[in-house]
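The values are calculated or read from the model by the stated rules, or taken from the named source; none is laboratory data. Note that the coordinates shown come from a computational prediction; the quantities given were computed from them, not determined experimentally. Cβ placement follows ideal geometry from the backbone for every residue including glycine, while neighbour counts extend to all protein chains displayed. Calculation scope for accessible area: heavy atoms of the full protein, side chains included, ligands and nucleic acids excluded. Shrake-Rupley method; radii C 1.70, N 1.55, O 1.52, S 1.80 Å.
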Amino acid sequence: MGFFGGLFGAIGSALGAIGGAIATALGALGPQGLFLVGGLISSVIGALLGDKEAPEELGEKVLQAEERGIGKQNDESFADARKRFDEFDIDPEKKHDPELAKRVGLGFQIQCGAEQGKDISDFAMAAIKLFNTDSLDENVFKKLIAMTTNTTELNDIGKMINGKLESHDLINQCTDRLAQAEKAANPNLSDNDAYREALKYRT
């Protein structure tokens, strides 16, 4: 599993609890990617999931809980585990690397949202993919987040970028929304040029 394959013990358990591709992708982000992509994901988590907790603070709770043997159980929901972590007092003398804590916190928040029917995992994966291919325009995606009112639309855009969206109508809707974001971020673009830029995200 790449980044997570070399981890063990409490840290490996905490990261493993997040699960799957999201955990691996977040773990592979370097400092710059975590700052940029993590910031975008945090904006979505705050605006559309209503989760205002700093991811690094939640991640620290998760990591220290694992070390004390009271981390998330396999048969336990993320929401139920989160309730326990909210009552958990961290030991400031045992704090982990802030970047590690942020990765864990982001992954945990994404999974909590998914349990509530507000899945942004495909959007998160798309942002990571674009960053890794030097194709992520921070300004465009900030505008996109600001003009999106629900997680379904944002996640559909992520699915389109990841090549997982099959509906032609939804693909066209997502492309139109990206063109609007391109235009908002670059007002000098013509409508046709903005749409042409948006087409680059279709795979």
Subset of the range 67-100 (residues that are within 25 Å of Lys118 (Cβ to Cβ), open to solvent by less than 70 Å² (accessible area, probe 1.4 Å), assigned to a loop (DSSP other than H, G, I, E, B) and not acidic (Asp, Glu)) = Gly71, Lys72, Ser77, Phe88
Output for the range 145-161, where each listed residue is among the polar types (S, T, N, Q) and surrounded by fewer than 18 Cβ atoms within 10 Å (Cβ to Cβ) | Thr149, Asn150, Thr152
Give the range 110-128 a look and list any residue that's under 19 Å from Phe35 (Cβ atoms) and open to solvent by less than 40 Å² (accessible area, probe 1.4 Å), or say none.
-> Ile110, Ile120, Phe123, Ala124, Ala126, Ala127, Ile128
Given the conditions (1) touching a helix residue (DSSP H, G or I) at 6+ places or on another chain (Cβ under 7 Å); (2) surrounded by fewer than 19 Cβ atoms within 10 Å (Cβ to Cβ); (3) modelled with pLDDT of 95 or more, which single one is not true for Ala179?
-> (2)
